[in-house]
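Notes follow once the structure below has been shown.
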Amino acid sequence: MNIKILAFLLFGTMLVSGCTWMCRYPLAGENTLSSNPITDQVTTTSSLSSSSGTEPANNTVTVTIYKADSQCETLIAEKVVLPQYRLLVRVVGKAIEQATSANFDIAGYRVNLDRQRQFATVDLQLNPNTGRQFISLSFCEQFALFGSLRQTLTDNPNWQIEEVRFTQLGKEIIF
């Protein structure tokens with residue numbers, strides 16, 4: 001296990017402010033559109049599993065998303081093609097989809113990006129019907145969810161994110 005990931009999971013960092021994106025799934029339909037999803041302050045609610053038909057036609061880009069291997073020993077890079085529009089929201093959503101299971105469901109999330117400090121906070125909201133909490137995740141599940149999100153966000157040079165913090169409805173997730 002990478003010591004940086006373990007240390008990150010154990011210790012919190014400072015609160016950040018900055019650009020905000022929010023996406024809840026599987027809900028669909030509400031969109032606040034922005035011309036630049038990285039620098040504008042935007043709140044969106046949309047479906048990640050299917051297009052709602054309200055987004056503008058954009059080019060697609062290839063992005064690297066990380067997921068845990070079958071032994072939970074390392075993260076494996078996977079190239080995915082996503083629409084460029086609201087790319088950061090889509091990337092975080094894709095990483096969450098790959099790391100959740102039928103008995104552990106994340107209902108929504110928000111990404112706060114502080115570009116000056118190169119810092120991101122991913123605020124997660126559990127589905128109220130899920131029977132489990134973050135504290136009940138196994139080491140492998142923690143690695144798959146938090147490790148993959150952290151690696152996905154910090155390895156993309158366009159976002160210049162050096163640190164990622166995780167919260168649940170604004171409170172830091174501590175194990």
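Brief remarks on what is shown
- Across the range 86-100, coupling constants 3J(HN,Hα) worked out from phi with the 6.51/-1.76/1.60 Karplus curve, θ = phi - 60°, read 6, 4, 4, 4, 5, 5, 4, x, 5, 5, 5, 4, 6, 9, 9 Hz, and Gly and Pro carry x.
- Distance from the Cα centroid of the range 115-175 to that of the range 81-99 is 14 Å (rounded to whole angstrom).
- Inter-label distance, ALA102 to GLN160: 4.5 nm, where each label sits 7 Å from its Cα along the C-beta direction.
- Available extension along the chain between ALA77 and LYS171 is 30.9 nm, counting 0.36 nm per residue and deducting the alpha carbon span.
- Amide H to amide H, with H built 1.01 Å from N, GLN84 comes under 5 Å of ASN59, THR60, VAL61, counting only residues 5 or more places away or on other chains.
Rule-based calculations on the coordinates, nothing more; no lab input. Nothing here was measured: the structure is a model prediction, and the numbers come from that model. Ideal geometry is used to build each Cβ from the backbone, glycine not excepted, and the neighbour counts take in all protein chains shown.
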